[in-house]
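Coordinate-derived values only; no laboratory data. Note that the structure is a prediction, hence the values are computed from the model and not measured. Note: ideal-geometry Cβ built from the backbone for every residue, glycine included; neighbour counts use all protein chains shown.
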Amino acid sequence: KLVVLLGDGRHRLGLLRSFDQFASIVLEGACERVIVGDLYCDIPLGLNIIRGENVVLIGEMDMEKEELPSHMTAVSTVEIKRAQKAEKDATYLKGSMKNIMEFLGID
């Protein structure tokens, strides 16, 4: 079982079925793991082909051990999307406030 970090920051998990010299891989039973704070959700994808140019990191997962810390809470897809939007909005607001303060010369 592998975890694959993609160039855009997404995580894919699945069973390695094939790979090539360009680091392109085929994952069976793949899912996308979305983590926001202490919440996570595994979104099923099925058979997944990932082009090597999108792969940043590949790691093997130990199937015997627990994959996530105990404080993490599994939530539904709807809840994780809501949490992602709230996190994105908060980041945007923080960036906007920082720009305004820099413009006004306030540290």
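Going by average Cβ density within 10 Å per residue, which order do the peptides 53-65, 25-37 take, highest to lowest?
Working: 53-65: 10.6, 25-37: 17.0.
Going by the mean number of other Cβ atoms within 10 Å, highest first, we get 25-37, 53-65.
Summarising the strand pairing of the stretch 26-107, around 80 percent of its internal DSSP beta bridges are antiparallel. Dipole size of the stretch 2-74 about its Cα centre, with +1 on Lys/Arg Cβ and -1 on Asp/Glu Cβ: approximately 200 debye, rounded to the nearest 20. Across the stretch 16-57, the fraction of Cα-Cα pairs farther apart than 17 Å, rounded to a whole number, is 40%. Using only Cα atoms, figure out Rg for the chain and give it as a multiple of 2.2 N^0.38 Å. Dividing the Cα radius of gyration by 2.2 N^0.38 Å gives 1.37. Taking the Cα centre of the chain as the origin and placing charges on Cβ (Lys, Arg +1; Asp, Glu -1), which of P69, Q21, Q84 is farthest toward the positive end of the dipole? The Cα lying farthest towards the positive end belongs to Q84.
Here's the list of lysines a cross-link from K88 could span, going by alpha-carbon distance under 20 Å and ignoring same-chain residues fewer than 8 apart: K98.
Gain in length, M101 to V26, computed as 0.36 nm per residue apart minus the alpha-carbon separation, to one decimal in nm? Walk me through the numbers before you get to the answer.
Working: separation 75, 0.36 × 75 = 27.00 nm, distance 4.77 nm.
That works out to 22.2 nm of additional length.
Report the relative contact order of the chain, percent, no decimals, based on alpha-carbon pairs under 8 angstrom and at least 6 residues apart. Reported relative contact order: 24 percent.
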